[in-house]
Amino acid sequence: RQVLLPRDPSQPPTVFHLVPFIGSAVAYGMDPYKFFFAMREKHGDVFTFVLLGRRMTVALGTKGTNLIMGGKLSQVNAEMAYTHLTTPVFGEGVVYDVPNHVLMEQKRFVKFGLNTDNFRAYVGMIEDELDHFLATEPEFAAFRAGGKDDWGTFDAFEQMSELTILTASRTLQGTEVRAQMDKTFAHLYMDLDGGFTPLNFMFPNLPLPSYRRRDKAQKAMSDFYLSILQKRREKQSDEVEYDMLAALMNQSYKDGRPLGDREIAHIMIALLMAGQHTSSATMSWCLLHIANNAGVQQAMYDEQVKHFSAPDGTLRSPTFEELKDLPVLDSIIRETLRVHPPLHSLIRKVISDIPVPPSLGNASEDKSLIIPKGNFVLAAPCISQVDPAIWKDSFEWEPSRWTDPNSEAAAMYKEYTETGEKVDYGFGMVSKGTESPYQPFGSGRHRCIGEQFAYVQLGTLLSLIVRHLELKIDKVPPHNYQTMITTPQKPRQISFRRRQL
Ligand code: HEM
């Protein structure tokens, strides 16, 4: 049972722990939701726990999230929280290996490549990849057999990981990367990914083979992108490429310095890693829920029939614009990201004392609390996303809350729209405000830039999968928090057969 330690009254309460360095690592690591809800009950919205020697101050609720995500640059720093994990994987000179103002410029370069023309081109490419995947993957032999008794099964996360990397490489990463995906690139990716784990986050340098493999793979992958860039520059063809490399090749910083090829290579690796587990986990959770809910699966299929029926009775390919306008599909992705946001903890280092507003934390004694310089702060918007005080049946996966005009989610959506806080990312997220109760893509200066790409990828794949397959599973598996991204625990086998018409 956890109890309070004698505390410095000017600081948030510290969660009691028995073993000094380890602190609450086990309770937090096993189930962060359970840990945060229990500690909130005991200490209020703001408390500190020890995680392998680091003092982590958690600020929960929408106001707590706002304190961190909307924190001033002079108070909170993301580079110092993440660089030891990300720089050995992405490489030097990008993202958290550079001051924040450089990251902001790099995000601007990437946004240039995430444009509507590219997204339009991606929908067809993703469809091609899925067709090829279903036609060749051993797991989907039952689909090819096609009879009503030909049921097969697949591991939701493993198969969706494969589809995600195939489609991301075909689209954003470019043809050269896609061509190597069945060969050397896949191995490099595996080794790099093996260095992107909670262990790497907690212990940046250990004399382990996986760390050495990570470093070797980083260098090889970086060189691979460099060689693609050189070849493209030599070729100088007039062919339009819709990928990110093409978008990054002619960018310059505000001071006139061109974006270097090594930086481009490392941005490409960063995008590959940032999008892979986040999107594949989300795809898996969507499929697991659809498989578990025949009614929603049917509604999703009916929506496809309504919008895409061709005169010959088949369903025609969707366009980017059409995909944006499918309320059932949209509600499924949105609800999945509410209940299963891939990132449960967003962390910053405190670089100057942060005063905690009196409205936050517990009772009047906390009026003059400060979070001291040297601590880390941890925002967990995932908690507000399932807070029973905010959402009806908050832990239930219920996509219709987003389409029902009388629901709490619809009211929230309306409120943000009316206050002008909502930004149109194409698929209409609730808000980019740092105080929003719904922020699976984060908020503030570090907000995700991959949201629209993720929606194109998820929306296209889900639409087409539900046309091809009928899915079934008895139970949606619980979360596994031992991975960097919240994934579904095994077993997570989905049964399927070819959709019977
Ligand atoms: C940042 C979630 C897909 C690139 C973030 C953050 C979250 C997030 C929560 C904020 C991190 C923080 O504040 O500490 C997601 C989810 C995704 C997804 C849920 C898919 C379902 C992608 C994709 C890409 C991407 C596909 C690239 C194409 C980035 C980048 C940042 C970011 C570059 C900015 C980091 C920064 O400014 O510090 N993402 N992401 N993400 N994401 Fe994503």
Filtering segment 480-499 for residues that are crowded, with 19+ Cβ neighbours inside 10 Å, of a type outside the set (Val, Ile, Thr) and not in a loop (DSSP other than H, G, I, E, B) leaves a count of 4
Taking residue 280 as meeting all but one of (1) out of contact with any helix residue (DSSP H, G or I) (no Cβ under 8 Å at 6 or more places or on another chain); (2) under 25 Å from residue 116 (Cβ atoms); (3) among the hydroxyl-bearing types (Ser, Thr, Tyr), write down the number of the exception. (1)
Can you tell me which of 86, 57, 65 is within 12 Å of the ligand (Cβ to nearest atom) and touching a Pro at 6+ places or on another chain (Cβ under 7 Å)? 65
Filtered residues of segment 431-452 (kept if modelled with pLDDT of 90 or more and acidic (Asp, Glu)): 451
In segment 47-72, which residues are hydroxyl-bearing (Ser, Thr, Tyr) and under 12 Å from residue 350 (Cα atoms)? 57
Single match in 460, 487 (criterion: modelled with pLDDT of 95 or more, within 16 Å of the ligand (Cβ to nearest atom) and out of contact with any His (no Cβ under 9 Å at 6 or more places or on another chain)): 460
Scan segment 80-101 for residues that are surrounded by fewer than 18 Cβ atoms within 10 Å (Cβ to Cβ), in contact (Cβ under 8 Å) with a residue 24 or more places away in the chain and either more than 25 Å from residue 217 (Cβ to Cβ) or in contact with a strand residue (DSSP E or B) (Cβ under 8 Å, 6 or more places away or on another chain) (or both) and jot them down. 80, 100
Can you find even one residue in segment 235-246 that is more than 16 Å from the ligand (Cβ to nearest atom), assigned to a helix (DSSP H, G or I) and surrounded by fewer than 15 Cβ atoms within 10 Å (Cβ to Cβ)? yes
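Residue by residue, here is whether (1) touching a Cys at 6+ places or on another chain (Cβ under 9 Å); (2) of a type in the set (A, V, I, L, M, F, W, C); (3) more than 27 Å from residue 274 (Cβ to Cβ) holds:
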{"site": "36", "(1), (2), (3)": "yes, yes, no"}
{"site": "39", "(1), (2), (3)": "no, yes, yes"}
{"site": "43", "(1), (2), (3)": "no, no, yes"}
{"site": "48", "(1), (2), (3)": "no, no, yes"}
{"site": "52", "(1), (2), (3)": "no, yes, no"}
{"site": "79", "(1), (2), (3)": "no, no, no"}
{"site": "91", "(1), (2), (3)": "no, no, no"}
{"site": "119", "(1), (2), (3)": "no, yes, no"}
Does segment 369-392 contain at least one residue that is of a type in the set (Gly, Ala, Ser), part of a helix (DSSP H, G or I) and either modelled with pLDDT of 85 or more or within 25 Å of the chain's Cα centre (by Cα) (or both)? yes
Only one of (1) buried (at least 19 other Cβ atoms within 10 Å of the Cβ); (2) closer than 23 Å to residue 249 by Cβ does not apply to residue 181, and that is (1)
Take the residues in segment 440-452 that are part of a loop (DSSP other than H, G, I, E, B) and near the ligand (Cβ under 7 Å from one of its atoms), then tell me which one is surrounded by the fewest Cβ atoms within 10 Å (Cβ to Cβ). 447
Would you check which residues across segment 330-345 are over 15 Å from residue 401 (Cβ atoms) and either touching a strand residue (DSSP E or B) at 6+ places or on another chain (Cβ under 6 Å) or modelled with pLDDT under 95 (or both) and list them? 345
Report yes if residue 196 is part of a helix (DSSP H, G or I), farther than 26 Å from residue 118 by Cα and within 16 Å of the ligand (Cβ to nearest atom), otherwise no. no
Filter result for residue 170 (surrounded by fewer than 17 Cβ atoms within 10 Å (Cβ to Cβ) and part of a helix (DSSP H, G or I)): no
From the list 108, 170, exactly one residue is within 12 Å of the ligand (Cβ to nearest atom), of a type outside the set (Val, Ile, Thr) and at pLDDT 95 or above. Which is it? 108
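Rundown of residues vs (1) modelled with pLDDT of 95 or more; (2) among the aliphatic types (A, V, I, L, M); (3) under 22 Å from residue 165 (Cα atoms), yes/no style:
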position	(1), (2), (3)
219	yes, no, yes
238	no, no, no
242	no, no, yes
253	yes, no, no
263	yes, no, yes
281	yes, yes, yes
301	yes, no, no
Among residues of segment 111-137 being within 11 Å of the ligand (Cβ to nearest atom) and surrounded by 17 or more Cβ atoms within 10 Å (Cβ to Cβ), the residue farthest from residue 320 (Cα to Cα) is 113
Would you pick out the residues in segment 43-73 that are surrounded by fewer than 23 Cβ atoms within 10 Å (Cβ to Cβ) and out of contact with any strand residue (DSSP E or B) (no Cβ under 8 Å at 6 or more places or on another chain)? 44, 62, 63, 66, 70, 72, 73
Considering every residue within segment 422-430, establish whether at least one is more than 16 Å from the ligand (Cβ to nearest atom) and either modelled with pLDDT of 95 or more or surrounded by fewer than 22 Cβ atoms within 10 Å (Cβ to Cβ) (or both). yes
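The values are calculated or read from the model by the stated rules, or taken from the named source; none is laboratory data. Nothing here was measured: the structure is a model prediction, and the numbers come from that model. Counting neighbours? That spans all protein chains shown, and the Cβs are built from the backbone with ideal geometry, glycine included.
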